[in-house]
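Colleague: My questions will all concern the structure given below.
The values are calculated or read from the model by the stated rules, or taken from the named source; none is laboratory data. Computed from a prediction, not measured in an experiment: that's the story for all the values here. Note that we place each Cβ from the backbone using ideal geometry, even for glycine, and neighbour counts take in every protein chain shown. Heavy atoms of the whole protein, side chains included, go into the accessibility calculation; ligands, DNA and RNA do not. Shrake-Rupley method; radii C 1.70, N 1.55, O 1.52, S 1.80 Å.
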Number of protein chains: 2
Amino acid sequence: MSERDSERSVSQTVRAQLALRDMILSGQLRPGERISELQAVDITHVSRTPVRLALVRLEDEGLLQAIPSGGFMVKAFSERDILDSIELRGTLEGLAARFAAERGASARNLEPLKECLADLDQLVRQDPVSEEAFSAYVTLNARFHALLTELSGSAPLIRQIDRVSALPFASPSGFVMAQSALPEAHQILLIAQDHHRIVVDAIENREGTRAEAVMREHSRLAARNLRLALRNRTHLDLLPALALLKSAAD
Amino acid sequence: MSERDSERSVSQTVRAQLALRDMILSGQLRPGERISELQAVDITHVSRTPVRLALVRLEDEGLLQAIPSGGFMVKAFSERDILDSIELRGTLEGLAARFAAERGASARNLEPLKECLADLDQLVRQDPVSEEAFSAYVTLNARFHALLTELSGSAPLIRQIDRVSALPFASPSGFVMAQSALPEAHQILLIAQDHHRIVVDAIENREGTRAEAVMREHSRLAARNLRLALRNRTHLDLLPALALLKSAAD
DNA sequence: TGAACTCATTATGTATACATATATCTCGAT
DNA sequence: ATCGAGATATATGTATACATAATGAGTTCA
């Protein structure tokens with residue numbers, strides 16, 4: 001019921017944006033495919049005006065690409081693009097961690113991050129990590145990264161990180177679920193959590209360079225997960241984001 | 001004449017975007033001020049539909065801020081925001097330089113960058129740098145940074161750098177003209193050019209870390225210029241970008 | 001057979017009318 | 001005098017009609 005309420009209260013523009021985004025990420029609209037406004041109108045059942053705004057928003061979200069002669073097409077990403085986006089996020093989160101450290105995040109501001117860290121600890125402790133635990137991990141992990149980003153205290157940086165993380169395959173939790181299907185799952189989780197711990201410690205001790213380096217390395221776990229997932233091509237269904245991957249067959 | 005042609009050929013949306021951007025950067029629309037669609041219609045003489053698109057574009061350009069209840073206001077930046085944006089650009093350009101170095105930019109791709117470097121050398125050699133030389137420097141400097149960014153070969157990274165550099169005070173050439181009025185002008189120019197030379201050298205020798213570090217430091221010259229310009233409050237008129245600065249008086 | 005041109009179709013660009021939400025100002029009551 | 005309610009004005013949200021540009025199919029000519 002609350003969903004129907006929110007559906008009613010939300011603007012047509014947002015509704016269209018959500019619907020189109022879903023179709024792109026689920027692969028119903030394929031990379032390279034042109035997406036005309038009228039087609040989008042049919043899909044979303046809203047008129048051209050909000051549809052057009054939704055398309056523009058999806059463009060700067062990075063999911064669509066403007067066609068020079070007008071209109072939009074679904075953006076296609078190479079594996080390299082994805083890896084670069086991950087490295088990019090790592091670099092920005094590294095900067096955020098450095099800012100937090102150098103500027104002396106107050107104990108009060110560090111508190112939520114530490115709580116989040118403790119919650120994550122509890123999850124990671126289980127040896128065979130249950131499916132639900134993985135799902136909870138994804139949520140908490142996202143929260144940890146969001147808190148860390150906030151801790152930088154830099155609005156321009158927060159903005160950029162949010163923009164990069166909007167691409168599902170570049171987001172901090174983008175490949176965690178895929179990882180759950182891997183034999184190395186628990187091991188990677190332990191390493192990731194160790195990174196989390198180190199970063200908080202470094203920030204607390206004002207070790208900017210250390211905090212930065214660790215966050216950079218941390219993001220490379222996502223790259224590792226991606227490569228592993230692509231190799232054992234099982235469970236790719238856990239990665240809707242890969243619908244955007246340029247297939248080599250094309 | 002060509003200007004009139006281009007004015008005619010360009011879409012109303014772009015025209016509105018340009019007009020509004022000018023007014024924001026020139027300070028005719030002040031930070032914090034709400035900018036209603038009808039007001040924008042009056043200013044730009046185009047109808048609400050393209051005006052609205054222009055406003056959305058200016059929002060993700062970073063010049064406007066969405067108001068929760070709808071509409072937009074001119075974004076206000078603190079001095080800290082500006083400094084952070086510069087550091088952010090430096091970090092991203094550093095990553096671009098590292099990519100270029102690690103991935104082995106080919107001699108053929110390095111050529112244009114080296115030419116640009118040589119052109120800059122000639123300008124910098126003059127001791128009292130003329131006004132025109134400064135202006136030429138701005139152009140060439142922008143070109144150098146663009147070429148370097150391209151050299152990373154990473155579309156996602158290029159995109160991000162372009163986004164950051166869209167803010168006038170974060171762009172590589174944002175404070176060069178202001179610098180021209182300073183007594184330290186020539187000295188800073190020499191240092192900047194030395195950075196340029198080192199970065200090219202590092203890329204050529206595949207020294208990724210060195211290239212990255214130098215580009216980071218390079219961006220801090222802009223921060224230095226900003227501080228100097230704000231201190232000797234003369235020649236602030238050379239910095240239209242500062243129209244966006246939150247005044248302490250407010 | 002292939003290249004180019006024409007015309008029909010379909011796309012986007014723009015303006016505007018209408019609907020709805022939000023802010024403001026006045027007036028009245030406490 | 002201050003607070004609150006209601007009306008008025010003004011904002012944005014949405015739909016749609018019309019204008020214009022791009023696209024593609026079919027045909028004709030070299």
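Colleague: Need pairs with beta-carbon distance below 9 Å; first residue without any contact (Cβ under 8 Å) to a residue 60 or more places away in the chain and within the stretch B:221-245, second of a type in the set (Ser, Thr, Tyr) and buried (at least 19 other Cβ atoms within 10 Å of the Cβ); sequence gap 6+ or separate chains.
Modeller: Filtered contacts from the stretch B:221-245: B:HIS235/B:SER180.
Colleague: Could I ask something else about it? Confirm whether A:VAL41 is part of a loop (DSSP other than H, G, I, E, B), within 13 Å of DNA strand D (Cβ to nearest atom) and either touching a Phe, Trp or Tyr at 6+ places or on another chain (Cβ under 6 Å) or under 20 Å from B:VAL56 (Cβ atoms) (or both).
Modeller: No: the conditions fail for A:VAL41.
Colleague: Related question: Report yes if B:ARG108 is open to solvent by 30 Å² or more (accessible area, probe 1.4 Å) and either in contact with a Leu (Cβ under 6 Å, 6 or more places away or on another chain) or free of Cβ contacts under 8 Å to residues at least 12 places away in the same chain (or both), otherwise no.
Modeller: Judged against the criteria, B:ARG108 is a match.
Colleague: To continue, here is another question. Residues of the stretch A:39-60 being over 21 Å from A:PRO240 (Cα atoms) and either open to solvent by 40 Å² or more (accessible area, probe 1.4 Å) or out of contact with any Asp or Glu (no Cβ under 9 Å at 6 or more places or on another chain) (or both), which ones?
Modeller: Correct list: A:GLN39, A:VAL41, A:ASP42, A:HIS45, A:VAL46, A:SER47, A:ARG48, A:THR49, A:PRO50, A:ARG52, A:LEU53.
Colleague: Looking only at residues in the stretch B:21-38 that are open to solvent by less than 70 Å² (accessible area, probe 1.4 Å) and of a type in the set (A, V, I, L, M), which one is nearest to DNA strand D (Cβ to nearest atom)?
Modeller: By that ranking, first place goes to B:ILE35.
Colleague: Can you tell me how many residues in the stretch B:124-150 are at pLDDT below 90 and more than 22 Å from B:ILE86 (Cβ to Cβ)?
Modeller: Going through the stretch B:124-150 one residue at a time, the tally reaches 9.
Colleague: Take A:ALA181 and decide whether it is touching a Phe, Trp or Tyr at 6+ places or on another chain (Cβ under 9 Å), surrounded by fewer than 21 Cβ atoms within 10 Å (Cβ to Cβ), of a type in the set (Gly, Ala, Ser) and at pLDDT below 95.
Modeller: no
Colleague: Among the residues of the stretch B:17-68, write down those that are within 14 Å of chain A (Cβ to nearest Cβ), more than 26 Å from A:VAL164 (Cα to Cα) and within 8 Å of DNA strand C (Cβ to nearest atom).
Modeller: Hits for the stretch B:17-68 are B:SER47, B:ARG48, B:THR49, B:PRO50, B:VAL51.
Colleague: While we're looking at this one, here's another question. Go through the stretch A:69-104 and give me each residue that's within 16 Å of DNA strand C (Cβ to nearest atom) and either farther than 25 Å from A:VAL176 by Cβ or open to solvent by less than 30 Å² (accessible area, probe 1.4 Å) (or both).
Modeller: If the condition is that a residue be within 16 Å of DNA strand C (Cβ to nearest atom) and either farther than 25 Å from A:VAL176 by Cβ or open to solvent by less than 30 Å² (accessible area, probe 1.4 Å) (or both), then A:SER69, A:GLY70, A:GLY71, A:PHE72, A:MET73, A:VAL74 are the ones that fit.
Colleague: Next up: Cβ-Cβ under 7 Å, sequence separation 6+ or interchain: first residue in the stretch A:132-148 and farther than 25 Å from A:ALA100 by Cβ, partner outside any helix (DSSP H, G or I). Which pairs?
Modeller: A:ALA133/A:GLN126; A:PHE134/A:SER180
Colleague: Return the only residue of B:ALA54, B:ALA97 being away from DNA strand D (no atom under 16 Å from the Cβ), in contact (Cβ under 8 Å) with a residue 12 or more places away in the chain and not basic (Lys, Arg).
Modeller: Exactly one residue qualifies, and that residue is B:ALA97.
Colleague: Just one of the numbered conditions (1) within 14 Å of another protein chain (Cβ to nearest Cβ); (2) closer than 23 Å to B:ARG21 by Cα; (3) open to solvent by 30 Å² or more (accessible area, probe 1.4 Å) is not true of B:SER135; which one?
Modeller: (1)
Colleague: Kindly evaluate B:LEU113 against the criterion of being within 22 Å of the chain's Cα centre (by Cα), surrounded by 15 or more Cβ atoms within 10 Å (Cβ to Cβ) and not assigned by TED's automatic domain parsing to the domain that holds B:ASP162.
Modeller: The answer is no for B:LEU113.
Colleague: Among the residues of the stretch B:61-68, is any within 15 Å of DNA strand D (Cβ to nearest atom), surrounded by 15 or more Cβ atoms within 10 Å (Cβ to Cβ) and farther than 22 Å from A:GLU59 by Cβ?
Modeller: no
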